[in-house]
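Enquirer: One structure follows; several queries about it will come next.
The values are calculated or read from the model by the stated rules, or taken from the named source; none is laboratory data. None of the values given here were measured: they were computed from a predicted structure. Counting neighbours? That spans all protein chains shown, and the Cβs are built from the backbone with ideal geometry, glycine included. The protein model used for the area step is the full one, side chains on, heavy atoms only, and it has no ligands, DNA or RNA in it. Shrake-Rupley method; radii C 1.70, N 1.55, O 1.52, S 1.80 Å.
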Amino acid sequence: MEEKIYTIPVNEAFEETDGCPFCRLFRKLEDDELDLILGASMMEPDVRQKTNKLGFCGKHNRRMFGMKNRLGMGLMMESHLAAIRGQVETKASLFTRDAGAATVKSLESLDSSCYVCERVEEKISKMVETAVLLWEREKEFREKNAAQPYFCLPHYARYIKAAQIKMSKKVYGDFLKALNETEMRYFDKLSGDISWFCKKFDYRYDSEPWGDSKDAIERAIAFLNGCE
């Protein structure tokens, strides 16, 4: 598969072998979007229109606040609050059940939307599909997959689901077998580390070395939940 602009970040993420490659892609996409929204994109009218409508989830509001661009956040908050006030306000002549229901519907919609989440989701979906096509067409990419320690369970499911749609039936079985081998190997390794971690709290094992188990809980969380 000829290297194109959309294959480069996927190949780069799979060249590393520290955790889940799709989590690496997700974090990079998230960081890039946050940098843009508080930088070059902040004052673009079409972007401001979208951020006014969608807002940001609590996670991304807190991340942006931590980036120390207080003026940028203030400007976005100012226009966002002005945009949603009209949706939330109930006119004095319309204090009815229907008016209350409309307010609730508007707030529920706002609560489930986020400009950054939407942008990242659109891009990560394409990158998972790209990984499927690369696996199908390039031996070198298959080797990169085999070198991964694991795929977090949420991304493992997404990878398989994308392959079901995009990959030919001829190679799908080999793909699933290869992914399953990677995943089961890590299951066994992680389960052993968790078990040893628990045993280390028993005085009988006090003098035994921790091995790889000291960070087993953190690794289990990353494996089970991913970075999303």
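Enquirer: Would you mind stating whether Lys59 is out of contact with any Phe, Trp or Tyr (no Cβ under 8 Å at 6 or more places or on another chain), of a type outside the set (S, T, N, Q), at pLDDT 85 or above and closer than 17 Å to Arg119 by Cα?
Expert: yes
Enquirer: What residue, of Ile165, Ile160, Ile194, is over 25 Å from Glu121 (Cα atoms), among the hydrophobic types (A, V, I, L, M, F, W, C) and part of a helix (DSSP H, G or I)?
Expert: So the residue among Ile165, Ile160, Ile194 that is over 25 Å from Glu121 (Cα atoms), among the hydrophobic types (A, V, I, L, M, F, W, C) and part of a helix (DSSP H, G or I) is Ile194.
Enquirer: When you check Leu176 against the structure, is it open to solvent by 40 Å² or more (accessible area, probe 1.4 Å), without any contact (Cβ under 8 Å) to a residue 24 or more places away in the chain and hydrophobic (A, V, I, L, M, F, W, C), yes or no?
Expert: So Leu176 fits the description; yes.
Enquirer: If you scan region 16-43, which residues turn out to be over 24 Å from Asn225 (Cβ atoms) and either surrounded by fewer than 19 Cβ atoms within 10 Å (Cβ to Cβ) or free of Cβ contacts under 8 Å to residues at least 60 places away in the same chain (or both)?
Expert: Of everything in region 16-43, those that are over 24 Å from Asn225 (Cβ atoms) and either surrounded by fewer than 19 Cβ atoms within 10 Å (Cβ to Cβ) or free of Cβ contacts under 8 Å to residues at least 60 places away in the same chain (or both) turn out to be Asp35, Leu36, Leu38, Gly39, Ala40, Ser41, Met42, Met43.
Enquirer: Also, quick follow-up: Select from region 190-228 the residues that are aromatic (Phe, Trp, Tyr) and surrounded by 14 or more Cβ atoms within 10 Å (Cβ to Cβ) and list them in ascending order.
Expert: Passing the criteria: Trp196, Phe197, Phe223.
Enquirer: Of the conditions (1) of a type in the set (S, T, N, Q); (2) in a helix (DSSP H, G or I); (3) closer than 30 Å to Glu136 by Cα, Thr17 satisfies every one except a single condition; which number is it?
Expert: Among (1) of a type in the set (S, T, N, Q); (2) in a helix (DSSP H, G or I); (3) closer than 30 Å to Glu136 by Cα, Thr17 violates only (2).
Enquirer: Another one. Of all residues in region 117-161, which are within 11 Å of the chain's Cα centre (by Cα) and open to solvent by less than 30 Å² (accessible area, probe 1.4 Å)?
Expert: Val120, Ile124, Cys152, His155
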